[in-house]
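The values are calculated or read from the model by the stated rules, or taken from the named source; none is laboratory data. Keep in mind that what you see is a predicted model, and the values were worked out from it rather than measured. So basically every Cβ, Gly included, is an ideal-geometry build from the backbone, and we count neighbours across all protein chains shown. Calculation scope for accessible area: heavy atoms of the full protein, side chains included, ligands and nucleic acids excluded. Shrake-Rupley method; radii C 1.70, N 1.55, O 1.52, S 1.80 Å.
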Amino acid sequence: MRATALLLVLLMLVPLAHAQNLGETLQECPGTMTGSTQPQQIHLQMTDDATIMNVMWATEGRATGEVEWNGQTSPSTDYCYNHDMAFHMASMTGIEPGEDVTYRVSSGGDWSDEFTFTPIDTSADNFEWIAIADHGDSSEGMDVSEAIIADTTAQMVTISGDIAYADGEQSAWDGWFNFQQDSMTRIPWVTAVGNHENEPGYEFAPYEHRFDSDGQAESEIFWYSRDFPGVHMVFMSTEHDYSAGSVQFSWLEQDLSTVDRDVTPFVIVYGHKPMYSSNSYHGSEVELRSALEALYVNHEVDLVIAGHDHFYERTWPVAGETVVNNGKDGRFARGYAPIHLVIGIAGRSAYEELDEPQPGWSAYRENSSYGWTRLVYDGDAREISFTHYRIDGTIGDQFILQEAPLPHESGDGFLGVPGFGTLLPIVAMFGAAVRRLR
Ligand SMILES: [Fe+2]
Ligand SMILES: [Fe+2]
């Protein structure tokens, strides 16, 4: 009887909820949220459609909102989770790759400043981006943030998980987003989820409400891919089931097998925990390696960019702990085996103890520096330059990954002809010129 009475009360409440002026999902927000509706924590959020860019922001008070761009407006979807802020997401549609978009957002009648971004043109010949992991808001983390904000040519930031280290303290996320706003309103930050996004008492809800990879408010998508100039990028979750037969495994297999290498010669997988790490704190995630390494090798993944261990490490192209290739003078040809990177150096306390001796698959490692990495795709040369920067501006490590074979791989002394290899760069240059003419 008691259950029936409760049901009747609930049914009576439904029309009341719909009768309110605010969007239905705003009903989740506590009625006590009467603070400022001035937009804050404003950030772009890429969609899988190059003509649509989403923007997300937060307000202290409950309100509906809108985005205004290039003389058009679109209403926001507004929602909450178990935190006293309202969140808003709106879509800028019909944008042209490569053409600047100026926009601003409002909620409750309060407008933000104007911002401008340039939508990424996937057919461009040049693409530059920054990759970080394990960020937070320590003084070193803020140094990294300031370097990113000062970088006016980077077109995107990727994070391989462990983002704000809120760990249940939701105001930490608010501060983190506000600190990055000068960058995040200008270029998209694209994320893979880490173990610190699985928060005590909240699980992944804050991450899901504050980032959005599929344009659906409150979705639960933790793996997705995007195409950029020359590079297909996969953002996967080491924090969800990835074993053979899992939904994520099937998705990865399907995604990696449909990459068109003529369009995107390179494939990068971002995920939080590393398959290869010689740091003594966490070390190699052996279960992850058993489940996914063969898939990555078979589908010729070029780079796997992880974090979790707070140090820097680059492997040689490696499969099954066996070094497949050593490149030449810091230059590698793609197609042998993935190079694994651990870049958990964006601000959290360094894990200084390393496995000794250094494993054969480990090409370079650094255990007490903080910083970020920067990648540049050159569409003429069809190569990616990778550089690891420390927060003092010095370079720790760098290498180049190219589509064409290295000259020495097809061989000096090929067929017993000395000097044959020296012809190959000329042949390669000729080939590149022909490709450009096509
Ligand atoms: Fe971490
Ligand atoms: Fe982690």
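Key figures for this structure:
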{"quantity": "Leading residue by the ranking (least open to solvent (accessible area, probe 1.4 Å)) among those in the range 109-133 that are among the aliphatic types (A, V, I, L, M) and in a loop (DSSP other than H, G, I, E, B)", "calculated": "Ala133"}
{"quantity": "Helices (runs of 4 or more DSSP H) wholly inside the range 149-260 containing at least 3 residues that are over 23 Å from Ser91 (Cα atoms)", "calculated": "170-184, 247-257"}
{"quantity": "Residue check for Asp227: closer than 26 Å to Arg334 by Cα, away from ligand 1 (no atom under 16 Å from the Cβ) and either surrounded by fewer than 20 Cβ atoms within 10 Å (Cβ to Cβ) or not assigned by TED's automatic domain parsing to the domain that holds Asp378 (or both)", "calculated": "yes"}
{"quantity": "Single unsatisfied condition, Glu203 versus (1) open to solvent by 30 Å² or more (accessible area, probe 1.4 Å); (2) within 16 Å of ligand 1 (Cβ to nearest atom)", "calculated": "(2)"}
{"quantity": "So Phe211, is it open to solvent by less than 20 Å² (accessible area, probe 1.4 Å) and either aromatic (Phe, Trp, Tyr) or not assigned by TED's automatic domain parsing to the domain that holds Ile163 (or both)", "calculated": "yes"}
{"quantity": "Residue check, Gly175 over 26 Å from Leu303 (Cα atoms), more than 16 Å from ligand 2 (Cβ to nearest atom) and in contact with a Ser or Thr (Cβ under 6 Å, 6 or more places away or on another chain)", "calculated": "no"}
{"quantity": "Residues within the range 263-283 that are open to solvent by less than 30 Å² (accessible area, probe 1.4 Å) and assigned to a loop (DSSP other than H, G, I, E, B), tallied", "calculated": "10"}
{"quantity": "Index of the failed condition, Ile159 passing every other in (1) within 16 Å of ligand 1 (Cβ to nearest atom); (2) hydrophobic (A, V, I, L, M, F, W, C); (3) surrounded by fewer than 22 Cβ atoms within 10 Å (Cβ to Cβ)", "calculated": "(3)"}
{"quantity": "Some residue of the range 316-323 being assigned to a loop (DSSP other than H, G, I, E, B), in contact (Cβ under 8 Å) with a residue 24 or more places away in the chain and either surrounded by 24 or more Cβ atoms within 10 Å (Cβ to Cβ) or not assigned by TED's automatic domain parsing to the domain that holds His240 (or both)", "calculated": "no"}
{"quantity": "Residue within the range 96-108 that is open to solvent by 60 Å² or more (accessible area, probe 1.4 Å) and in contact with a strand residue (DSSP E or B) (Cβ under 7 Å, 6 or more places away or on another chain) present", "calculated": "yes"}
{"quantity": "Among residues of the range 180-200, those that are open to solvent by 70 Å² or more (accessible area, probe 1.4 Å) and away from ligand 1 (no atom under 16 Å from the Cβ), counted", "calculated": "2"}
{"quantity": "Lone qualifier among Asp397, Asp380 - being in a strand (DSSP E or B) and among the acidic types (Asp, Glu)", "calculated": "Asp397"}
{"quantity": "Complete set of residues in the range 284-315 that are under 16 Å from Gly161 (Cβ atoms), charged (D, E, K, R) and open to solvent by 10 Å² or more (accessible area, probe 1.4 Å)", "calculated": "Glu285"}
{"quantity": "Yes/no for Ala150 being open to solvent by 10 Å² or more (accessible area, probe 1.4 Å) and away from ligand 1 (no atom under 16 Å from the Cβ)", "calculated": "yes"}
{"quantity": "Residue list for the range 30-50, filter: surrounded by fewer than 16 Cβ atoms within 10 Å (Cβ to Cβ) and modelled with pLDDT under 95", "calculated": "Pro30, Gly31, Thr32, Thr34, Gly35, Asp48, Asp49"}
{"quantity": "Flag for Ser284 being within 16 Å of ligand 2 (Cβ to nearest atom) and not charged (D, E, K, R)", "calculated": "yes"}
{"quantity": "Total residues in the range 146-189, condition under 20 Å from Ala205 (Cβ atoms) and within 18 Å of the chain's Cα centre (by Cα)", "calculated": "10"}
{"quantity": "Answer residue from the range 349-360, given it is touching a residue at least 60 places away in the same chain (Cβ under 8 Å) and farther than 10 Å from Asp309 by Cβ and is nearest to ligand 2 (Cβ to nearest atom) among those", "calculated": "Ser349"}
{"quantity": "Check on Asp113, within 22 Å of Thr77 (Cα to Cα), away from ligand 2 (no atom under 16 Å from the Cβ), not hydrophobic (A, V, I, L, M, F, W, C) and not assigned by TED's automatic domain parsing to the domain that holds Asp262", "calculated": "yes"}
